[in-house]
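Here's the structure we're looking at; comments come further down.
Nothing in this text is a laboratory measurement; each read-out follows from the coordinates by a stated rule. Not measured: the values here are computed from a predicted model. Methodologically, a virtual Cβ is constructed for each residue, glycine included, from the backbone with ideal geometry; neighbour enumeration extends over all protein chains shown.
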Amino acid sequence: MENISEFSTDQVFRSRGDLMMWVQYVAHSQGYVIVTKRSKAITKDFISKIVLGCNRGGIARNKDAQTKKINCPFKLIGNYLKAHDGWKLRVVRDEHNHEPSMYMEGHP
């Protein structure tokens, strides 16, 4: 049986903000927080691609600093598609290397 990601969707989002709201809703319902890791702009006013990841992704820059980053591999990519006049979401890696948060207070 195939494992379907909660983030798999054929939906075309009208805006980047709508895509982000949907992703955050799904993530929070599972106990995770997703953040923008990178974005690519066509012009200074128009972003065409966003790379999303878990807020616990990456590695702490300063080993003495207190951080929650544990190199979580979760990754989504949102692309603006001119043909659809909207945003589509693609799941790259739908696994976390940590348990979900039990309490979402303090998470955006």
Of Lys68/Lys88; Lys37/Lys75; Lys40/Lys75, which ones are farther than 18 Å apart at the Cα? Lys68/Lys88
If you bin the C-alpha pair distances of the chain every 5 Å from 0, what whole percents do you get? 2, 11, 21, 22, 18, 13, 8, 3, 1, 0
What angle, in degrees between 0 and 90 and rounded to the nearest 10, separates the Cα long axis of helix 16-30 from the longest principal axis of the Cα atoms of the chain? 40
Mean ellipticity per residue at 222 nm, deg cm²/dmol - from DSSP H runs of n ≥ 4 across the chain, formula -39500 (n - 2.57): -4500 deg cm²/dmol
So for the chain, averaging the separation of alpha carbon pairs under 8 Å that are six or more residues apart and normalising by length, what relative contact order in percent results? 27
Give, in nm to one decimal, the length gained when the segment between Asn71 and Glu6 is fully stretched (0.36 nm per residue of separation minus the Cα-Cα distance). 21.3 nm
Protection proxy (average C-beta count within 10 Å per residue), highest first, orders 5-11, 68-74 as 68-74, 5-11
Most to least packed among 92-100, 14-22, 37-45 [average Cβ atoms within 10 Å]: 14-22, 92-100, 37-45
